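> Structure provided below as structure tokens; questions to follow.
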Amino acid sequence: MAAPALAPVTRQVGGRAAPAPVPSGPECGQPLAAAVAELPVLDASGRRVLFGALFRERRAVVVFVRHFLCYICKEYVEDLAKIPRSFLQEANVTLIVIGQSSYHHIEPFCKLTGYSHEIYVDPEREIYKRLGMKRGEEIASSGKSPHIKSNILSGSIWSLWRAVTGPLFDFQGDPAQQGGTLVLGPGNSIHFIHRDRNRLDHKPINSVLQLVGVQPVDFTGRPSVIHV
């Protein structure tokens, strides 16, 4: 049986409901292969969960990151952590991060980034591979990310320091693996997919939130200006 289509999301604009932009792309509306949905991910305790079960009954933004020592991933997830749970609940959307390390690294990574939404790992990178996530760096201009604060020198030094001082000297995943962002569910429909071409090619978070009708978040940290 075909997975249910993504219902149009509405937002309040000028006191009336207005449709949010509909996710698009070459795979929009296509079903996720059952073989991929049945692959397991692991939670922070090592418990196996079927990938498809994460969005079977709900709409989900699923962000695949490179590896947990990547300073770019760290700073991107730090901003994902700033999304209020109430914003997601209002739109009936869940946020899920998937890494490719051992599950032992999940809890330290969450403490480091302040991330408290759902998170799992795919240590064998089977789901990354089946979804066509790129391995290696494609030379392409990705523009300046609003989520990355460190430069390559300071960021790389900090990543190396975390590797050296951690309980296990590893990269917490394959350093060559790129990530991506999907909007999935309810059911196995793919409503949006973006595969990162390189480490800086992640989708700006607010553009993803707009796709699912979640109100934008101010990631600048600047106080709001109140006009009187």
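> Select from segment 200-228 the residues that are of a type in the set (A, V, I, L, M) and at pLDDT 90 or above and write down the one among them that is farthest from LEU32 (Cα to Cα). Steps first, answer last, please.
So in segment 200-228, the residues of a type in the set (A, V, I, L, M) come out as 200, 205, 208-209, 211-212, 214, 217, 225-226, 228.
Next, only the ones that are at pLDDT 90 or above stay: 205, 208-209, 211-212, 214, 217.
Details: ILE205: 23, VAL208: 19, LEU209: 21, LEU211: 19, VAL212: 18, VAL214: 23, VAL217: 29 Å.
In this case the residue turns out to be VAL217.
> For segment 31-49, give me each residue that is open to solvent by less than 30 Å² (accessible area, probe 1.4 Å) and closer than 11 Å to ASN188 by Cβ.
If the condition is that a residue be open to solvent by less than 30 Å² (accessible area, probe 1.4 Å) and closer than 11 Å to ASN188 by Cβ, then LEU32, VAL36, ALA37 are the ones that fit.
> Under the condition of being free of Cβ contacts under 8 Å to residues at least 24 places away in the same chain and not aliphatic (A, V, I, L, M), which residue from segment 50-103 is most open to solvent (accessible area, probe 1.4 Å)? Reasoning before the result, please.
Step one: filter segment 50-103 for residues free of Cβ contacts under 8 Å to residues at least 24 places away in the same chain, giving 50, 53, 86, 89.
Now restrict to residues that are not aliphatic (A, V, I, L, M): 86, 89.
Numbers: SER86: 54, GLN89: 129 Å².
Among those that are free of Cβ contacts under 8 Å to residues at least 24 places away in the same chain and not aliphatic (A, V, I, L, M), it is GLN89.
> Also, quick follow-up: Check segment 185-199 and report whether any residue there is at pLDDT 80 or above, hydrophobic (A, V, I, L, M, F, W, C) and in contact with an Asp or Glu (Cβ under 6 Å, 6 or more places away or on another chain).
Filtering segment 185-199 for residues at pLDDT 80 or above gives 185-198.
Imposing the further condition that a residue be hydrophobic (A, V, I, L, M, F, W, C) reduces the set to 190, 192-193.
Then drop every residue that is not in contact with an Asp or Glu (Cβ under 6 Å, 6 or more places away or on another chain), which leaves 190, 193.
Yes, that holds for at least one residue.
> With (1) of a type outside the set (A, V, I, L, M); (2) within 18 Å of the chain's Cα centre (by Cα); (3) over 23 Å from ARG48 (Cβ atoms); (4) modelled with pLDDT of 90 or more as the list, and TYR128 as the residue in question, which single condition is left unmet?
For TYR128, the failing item is (3).
The values are calculated or read from the model by the stated rules, or taken from the named source; none is laboratory data. Not measured: the values here are computed from a predicted model. Neighbour counts are summed over all protein chains in view; Cβ atoms, including those assigned to glycine, are modelled from backbone coordinates with ideal geometry. For accessibility, only protein heavy atoms count, side chains too; no ligands or nucleic acids. Shrake-Rupley method; radii C 1.70, N 1.55, O 1.52, S 1.80 Å.
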